[in-house]
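The next block holds one structure in the form of structure tokens; read it before the comments.
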Amino acid sequence: MHRVIISGIGIKIPEASISNEELVASFNTWVDAENPRRAAQGLDPLQKSDSDFIVYASGVKKRHVIEREGILDSARMAPRIPARPDDALSLEAEFGIASAERALEHAGLQPSDIDMIICSASHHQRPYPAIAIEMQHAMGTQGAGFDMGLGCSSAAAGLHVAVNLVRSGAQKRVLVTTPEIITGHLNFRDRQTHFIFGDASASMIVEAIGEGETRPGRFEVLDTRTWTQLSSNIRTNLGYLTRTAQEDPYMINMEGNMIKQVGNKVFKEVTVAGHRFIVNFLAEHGQTPDDIRRFWLHQANARMNAMILKLSFGHEVGHDRAPMVLERLGNTAGAGAVIALQENHADMKAGEYGLLCAFGAGYSIGGALLRMM
């Protein structure tokens, strides 16, 4: 069994951004236009959104997005992303490659050094051909590629698969890429979720090293773990069979088929599950949270992360121990924990431990115990 490291990390954040105030203005304009129609139908009026409510509920102040004008258009409230011909590079593959190239540069590798691509994201642009295979073709990597997903735990789950493939000798170097274009699946007319997500792409390169070998500044992966438990409290119903349940199968009604969540239940249940996962995972290695220099947690909700850490440590934990990028990027689904890792590790000393841990729909949790080399 081989020792395994993360030799390269790459991040791509879209330039365009949307502040809470801009998002709220668009949403409230739509509410003002919609409520008279609801009143005429005898329906209760919609409640307006508020920037202070968003910060309290999530900790998010702004988010970066692939396309902002369509989202802020109160008559549309969805990104405008033109279709591309079949022989053109897809948007998701392009976004994945943008972070993958940075990961390769960080690792000092060429595309030809990679013998597998795993595209693991919470949402994929299409089922087939796999985005990973499209990236393989465009980049010129070797071997094979496949897509997978596990909600917001997708990057951690992809890392789990990649590490075990490399550890066993089945693969030499695996690129795990998580291009999250999640605004394309978001219902910007849903007050409970319209503010949560942003777009981002994150990539990691996993490879084997020899016994006794060291790579200063890189992380050795000591172990990985995944956990799942069925819950529909975070759910999307959009899929192949969506149109078959509708009267006109060529006009898809998106109502009820986009991302939805029962926020209060998610908060309570994931907080408990996340705390137990962390404590139990570390205990398997004879460690406690106090032994871990840094935690890179899923960037979904600032209050949730604070509570998970307080339950784990027995006291409150600050930004240095568990850095957050949520405030300026929003929830970037599977990419968030990797972004926190990439931005907050250079000050760690050789021998110090870190825990990458993400949790999300499913419910699902993925973790990786890392040690700085």
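The values are calculated or read from the model by the stated rules, or taken from the named source; none is laboratory data. If you're wondering where the values come from, they're calculated on a predicted model, not measured in any experiment. Please note: Cβ atoms are built from the backbone with ideal geometry, for glycine as well, and neighbour counts cover all protein chains shown. Heavy atoms of the whole protein, side chains included, go into the accessibility calculation; ligands, DNA and RNA do not. Shrake-Rupley method; radii C 1.70, N 1.55, O 1.52, S 1.80 Å.
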Given (1) at pLDDT 95 or above; (2) more than 19 Å from the chain's Cα centre (by Cα); (3) surrounded by fewer than 17 Cβ atoms within 10 Å (Cβ to Cβ), number of the condition residue 307 does not satisfy: (3)
Failed criterion for residue 64 (all others in (1) in contact with a strand residue (DSSP E or B) (Cβ under 7 Å, 6 or more places away or on another chain); (2) surrounded by fewer than 21 Cβ atoms within 10 Å (Cβ to Cβ); (3) more than 23 Å from residue 263 (Cβ to Cβ) hold): (3)
Selection from segment 205-253 of residues that are of a type in the set (Gly, Ala, Ser), within 30 Å of residue 108 (Cα to Cα) and either touching a strand residue (DSSP E or B) at 6+ places or on another chain (Cβ under 8 Å) or open to solvent by less than 60 Å² (accessible area, probe 1.4 Å) (or both): 208, 210, 217
Residue in segment 30-42 that is surrounded by 14 or more Cβ atoms within 10 Å (Cβ to Cβ) and of a type in the set (A, V, I, L, M, F, W, C) present: yes
Within segment 113-137, tally of residues that are out of contact with any helix residue (DSSP H, G or I) (no Cβ under 7 Å at 6 or more places or on another chain) and either at pLDDT below 95 or of a type outside the set (A, V, I, L, M, F, W, C) (or both): 8
Residue in segment 191-210 that is among the small types (Gly, Ala, Ser), part of a loop (DSSP other than H, G, I, E, B), more than 30 Å from residue 23 (Cβ to Cβ) and free of Cβ contacts under 8 Å to residues at least 40 places away in the same chain present: no
Which listed residue is open to solvent by less than 30 Å² (accessible area, probe 1.4 Å), farther than 18 Å from residue 339 by Cβ and of a type outside the set (Lys, Arg), from 91, 72, 104: 91
Any pair with Cβ under 7 angstrom, 6 or more apart, that starts in segment 304-326 at a residue that is in contact (Cβ under 8 Å) with a residue 60 or more places away in the chain and assigned to a helix (DSSP H, G or I) and ends at one that is open to solvent by less than 60 Å² (accessible area, probe 1.4 Å) and of a type in the set (S, T, N, Q): 326/299
Some residue of segment 332-353 being surrounded by fewer than 23 Cβ atoms within 10 Å (Cβ to Cβ), in contact with a strand residue (DSSP E or B) (Cβ under 8 Å, 6 or more places away or on another chain) and in a strand (DSSP E or B): yes
Count of residues meeting criterion [under 8 Å from the mean Cα position of the chain (by Cα) and at negative phi] in segment 323-337: 6
Selection count, segment 288-303, where residues are in a loop (DSSP other than H, G, I, E, B), crowded, with 18+ Cβ neighbours inside 10 Å and touching a helix residue (DSSP H, G or I) at 6+ places or on another chain (Cβ under 8 Å): 5
Qualifying position, being over 30 Å from residue 141 (Cβ atoms) and of a type in the set (A, V, I, L, M, F, W, C), among 4, 31: 31
Single residue of segment 143-158 satisfying the filter (touching a residue at least 40 places away in the same chain (Cβ under 8 Å) and either touching a Gly at 6+ places or on another chain (Cβ under 7 Å) or of a type in the set (D, E, K, R) (or both)) that is most open to solvent (accessible area, probe 1.4 Å): 150
Residue check, residue 264 polar (S, T, N, Q), in a loop (DSSP other than H, G, I, E, B) and surrounded by fewer than 20 Cβ atoms within 10 Å (Cβ to Cβ): no
